[in-house]
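In what follows, a structure is listed as structure tokens, so that the remarks can point back to it.
The values are calculated or read from the model by the stated rules, or taken from the named source; none is laboratory data. Computed from a prediction, not measured in an experiment: that's the story for all the values here. Neighbour counts run over all protein chains shown; Cβ positions are idealised from the backbone, glycine included.
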């Protein structure tokens with residue numbers, strides 16, 4: 001009896017199983033390997049990998065299914081509840097004071113979104129429709145919840161590959177970004193020291209900031225309103241200082257439970273039939289390109305700011321004008337320290353990184369408005 | 001070799017002893033500095049002697065280090081570069097530390113930052129304890145001299 005016979009014998013007892021499923025089991029295994037052995041964002045990759053395995057054993061999450069993963073899908077992904085709940089927790093973890101102390105960092109947060117639009121154009125040229133292309137572009141901001149939110153509205157059929165790309169590239173930031181950062185900056189630029197001596201941010205500013213941002217963004221980019229409102233609610237819980245229990249719940253229980261269910265459900269959409277096609281490969285490639293373009297745009301803008309400031313700004317902080325808070329900010333700080341152990345650009349990098357977090361949400365909202373109007 | 005550098009209408013007299021030494025010892029109006037040229041990968045033997053004399057390292061390619069230990073205004077204090085929380089202290093009072101040795105770890109924005117010695121010397125006093133919140137430029141430790 002050769003292997004094919006054994007396989008067809010086995011698959012008789014599993015009528016839903018085929019070679020594609022086997023490939024996806026291996027893909028799920030790789031995600032789990034990265035999570036367990038390499039500890040690349042295990043909190044995300046482990047549930048996604050496990051969900052991927054379940055999806056190919058007859059437990060796929062789908063809008064029509066009746067298994068538990070499909071129930072989670074309808075409850076949290078279709079309704080876009082999960083990304084919003086995650087943002088409440090993320091808001092509680094973000095400290096906007098480095099940004100409030102250095103408002104010019106907003107520019108870097110905006111510059112870090114250019115890749116979204118560049119990739120959108122390229123994706124339409126490759127045959128994706130405008131809704132799909134916009135969803136693919138959002139991968140560039142490396143903001144999982146925003147990518148899911150935008151894709152769920154514009155191109156739900158691409159949710160699995162886009163979410164997987166956004167989350168896997170997030171875990172690959174320390175591998176993808178440093179070569180670009182080294183290529184585009186000179187050693188002299190990386191050695192620029194930045195002292196952090198801001199005016200202290202008063203409590204009243206920190207408390208009113210999330211409320212003010214919610215009002216302004218909701219009026220200007222109504223499609224981004226739910227995301228920004230969730231993010232700012234989390235931040236408000238923290239900065240208000242009077243609801244420590246709620247703040248802790250948002251930062252721990254709520255975000256942890258939601259991350260588990262979101263990862264598992266996204267993984268469970270990775271069935272062989274929806275994932276093993278050339279579109280997925282193109283999406284993974286375009287998403288990577290969007291990420292690289294965002295990094296380049298941020299770095300170039302950082303160099304521009306460095307030039308106009310007379311060499312007082314270290315252009316490395318441009319690279320973290322993407323979302324991916326706080327991994328991107330930490331990486332920029334680490335790159336500067338690797339060159340000079342006395343150079344602490346962490347607070348500046350975090351200012352740029354929080355601006356990038358805001359920027360990616362607003363860019364996602366604007367994209368929704370733009371594309372849905374077409 | 002003596003160079004006169006004019007910065008904002010003030011003329012400084014810069015004296016460089018040996019451009020081959022690393023770091024290059026530079027004397028600016030009587031104050032000592034250590035300078036690391038950027039192109040550190042070029043072996044010194046490959047630089048023709050005459051070019052080293054006629055072309056001193058340009059000022060755009062060097063980084064000023066803190067004044068060297070012999071100078072009068074040496075840095076005695078170790079200050080916090082950014083606000084954060086001290087999570088561990090790696091040395092004790094009276095320890096002799098080397099350049100680049102880790103003194104303590106400052107956690108800010110959930111990132112651990114090693115605070116390292118920018119000179120060698122003996123740590124006379126440690127002014128912080130593990131778990132302390134520190135402000136920007138708060139003095140963390142003092143050298144004995």
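Observations, loosely collected:
- Residue selected from segment B:125-145 under the condition closer than 24 Å to residue B:33 by Cα and surrounded by 13 or more Cβ atoms within 10 Å (Cβ to Cβ), by the criterion farthest from the other protein chains (Cβ to nearest Cβ): B:142
- Filtered by the rule that a residue be farther than 18 Å from residue A:346 by Cα and within 14 Å of chain B (Cβ to nearest Cβ), segment A:161-186 gives a lone residue, A:186.
- Among the residues of segment A:312-337, the ones that are on the phi > 0 side of the Ramachandran plot and either touching a strand residue (DSSP E or B) at 6+ places or on another chain (Cβ under 7 Å) or within 11 Å of another protein chain (Cβ to nearest Cβ) (or both) come to 0 in all.
- Residue count for segment B:115-124, restricted to those that are within 14 Å of chain A (Cβ to nearest Cβ) and touching a residue at least 24 places away in the same chain (Cβ under 8 Å): 4
- Qualifying residue in segment A:259-274 (condition: over 22 Å from residue B:82 (Cα atoms) and free of Cβ contacts under 8 Å to residues at least 24 places away in the same chain): no
- Any chance residue A:299 is at pLDDT 95 or above, part of a helix (DSSP H, G or I) and either under 20 Å from the mean Cα position of the chain (by Cα) or within 14 Å of chain B (Cβ to nearest Cβ) (or both): yes
- The number of residues in segment A:338-357 that are surrounded by fewer than 24 Cβ atoms within 10 Å (Cβ to Cβ) and either at the interface with chain B (Cβ under 9 Å from one of its Cβ atoms) or more than 18 Å from residue A:178 (Cβ to Cβ) (or both) comes to 4.
- The residue that is surrounded by the fewest Cβ atoms within 10 Å (Cβ to Cβ), counting only those in segment A:327-337 that are closer than 16 Å to residue A:171 by Cα and touching a residue at least 60 places away in the same chain (Cβ under 8 Å), is A:327.
- Verdict on residue A:305 being within 14 Å of chain B (Cβ to nearest Cβ), touching a residue at least 60 places away in the same chain (Cβ under 8 Å), assigned to a helix (DSSP H, G or I) and surrounded by 18 or more Cβ atoms within 10 Å (Cβ to Cβ): no
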